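All remarks here apply to the structure that follows.
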Amino acid sequence: MSDSRISTDIDYDRDGKQVGYLNVPNSTNESGWGTLLMPIAVVKNGRGPTILFTGGNHGDEYEGPIALMKLLRALEPAEVKGRVVIVPGLNMPALMAGQRLSPIDGMNMNRAFPGARRGTITAMIAHYVQTQLLPLADFVCDIHSGGRSMSFLPSAVVHRLDDADRMRKTLDAARAFGAPVGLVLKELDSEGMLDTAAEDMGRIFVSTEIGGAGVVSPATIKVAEIGARNLLVHFGICQGNLVTREAQGLAPTRLMAVPDGDCYTAATENGVYEPLVDIGETVTVGQLLGQVHDIERPGEPPAEKRAKRDGLLVCRLGPGRVRRGDTIAVIAVDL
Ligand code: CA
């Protein structure tokens, strides 16, 4: 455990419940020998698998931190067979600032893997996860939301894997999570992600996109809370029954994919975005998804944004302000 510059009083091998900190060296003008105290909890009871939960990978996504703080307060060792490791604020400085990227080094935690022992603070945290936490874990769940810039139909998100057995186990976990959608994503840019690091290590990995636009709602928090609990049951770490969607009177998780670039629509203009279709609505190719109004040329017609394929709108731009290159819409198709 000496490989990282981050230290902790947590003993990952000890039975019981520990709530403590990762001590991340953070020398600043205000605090020369300062330390960033990053909360972490471990609930362990005897032999069994380990799950690692992370939230706040992006600092403007709040369902994960809320659901995981509630889980770590409620979870008792007697309920657990194995080990649950919870990091509610993975990019702690970003979370404290309410922004996606770290205000200290400007880095995106989910592009910082495998990190670096002597890197900037984000790289150091990623390196700790890579070298100290991922090796402990059999299962990893990283709870994301859409962040300030996007709004998502609540989804458990997984990636297409070459290994058929791992793909099946991953899809089973995505279904067990119990979100409206189980999304098989082709990432536009997967290098440096926690997802990729966990998958490369052979871990069963589930991520999520739950809500977004920089806000939280009772409904989206409920999806995250039930999902985290369901994974504990599904992986055999906690006893009990899954809180199924059927038991809640809801349609079963719809397994969908985002197979190619035609699923994504990006803005090519600056302006104000008027969505004409909301998340969860079915769209057909050529349908008007929304339009960008140029505030500086109000007499000009708006730029029309049309669906490039049939499917379900699972994500749209979060704020009204739009800039060239922003993702405006993501369409998913049934698997
Ligand atoms: Ca995110």
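Summary table below
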item: For the chain, built as a Gaussian network whose Cα springs stay under 10 Å, the top-fluctuating residue of 104, 237, 51; result: 104
item: Cα centroid separation, segment 33-98 to segment 127-201 (Å); result: 16 Å
item: Label-to-label distance, nm, for residues given as residue 73 and residue 266 (7 Å Cα→Cβ offset); result: 4.2 nm
item: Estimated [θ] at 222 nm from DSSP helical runs (n ≥ 4, -39500 (n - 2.57)) normalised by residues in the chain, nearest 500; result: -5500 deg cm²/dmol
item: Residue 290 long-range amide H proximity, modeled H, under 5 Å; result: 276, 305
item: Out-of-range pairs (alpha-carbon distance over 21 Å; input 70/222; 81/222; 169/222; 70/169; 44/70); result: 81/222; 169/222; 70/169
item: Area accessible to solvent at residue 293, 1.4 Å probe radius, in Å²; result: 70 Å²
item: Heavy atoms of residue 27: accessible area, 1.4 Å probe, square angstrom to 10; result: 90 Å²
item: Dipole axis of segment 7-258 (+1 Lys, Arg; -1 Asp, Glu on Cβ), positive-most option in 77, 108, 22; result: 77
item: Dimensions in Å of segment 263-334 - Rg and Dmax from alpha carbons; result: 11.7, 40
item: Dipole moment magnitude, nearest 20 debye, segment 263-334 about Cα centre, only Lys, Arg, Asp, Glu C-beta charged; result: 200 debye
item: Whole-angstrom gap from segment 1-24 to segment 250-277, using each part's C-alpha centre; result: 40 Å
item: Portion, in percent, of the accessible area of segment 166-236 that falls on carbon or sulfur, probe 1.4 Å; result: 54 percent
item: Choice from 307, 247, 123 showing the highest fluctuation, given a GNM over the chain with Cα pairs closer than 10 Å; result: 247
item: Solvent-accessible area per residue for the chain (1.4 angstrom probe, square angstrom); result: 44 Å²
item: Counting all C-alpha pairs of segment 1-133, share separated by more than 24 Å (%); result: 27 percent
item: Candidates 153, 317, 37, ranked by Gaussian network fluctuation over the chain, Cα under 10 Å, top entry; result: 37
item: Calculated from backbone phi, Karplus (6.51, -1.76, 1.60) coupling profile of segment 92-104 in Hz, x at Gly/Pro; result: 4, x, 5, 5, 5, 8, x, 9, 5, 9, 5, x, 7
item: 5 angstrom amide H check on residue 50, placed H, neighbours 5+ away; result: 83, 138, 139
item: J(HN,Hα) series, segment 19-34, from Karplus relation 6.51 cos²θ - 1.76 cosθ + 1.60, nearest Hz, glycine and proline x; result: 10, x, 9, 8, 9, 9, x, 8, 7, 10, 4, 7, 8, x, 10, x
item: Cβ-Cβ FRET estimate between residue 7 and residue 300, R0 fixed at 56 Å, reported to 0.05; result: 0.45
item: Whole-Hz couplings from phi, Karplus 6.51/-1.76/1.60, listed for segment 62-68; x for Gly and Pro; result: 10, 4, x, x, 5, 4, 6
item: Cα point-scatterer Debye curve for segment 126-178, base-10 log of I(q)/I(0) at q = 0.31 Å⁻¹; result: -1.13
item: Overall Cα dimensions of segment 7-258 - principal axes, largest extent first, Å; result: 55, 41, 37
item: Net +/- balance of residues flanking residue 54 in space, Cβ distance below 13 Å, scoring K and R +1, D and E -1; result: -3
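The values are calculated or read from the model by the stated rules, or taken from the named source; none is laboratory data. Everything numeric in this text was worked out from a predicted model, so none of it was measured. Cβ sites come from the backbone with ideal geometry, for glycine too, and all protein chains shown count toward neighbours. Surface accessibility is based on the protein's heavy atoms, side chains included, excluding ligands, DNA and RNA. Shrake-Rupley method; radii C 1.70, N 1.55, O 1.52, S 1.80 Å.
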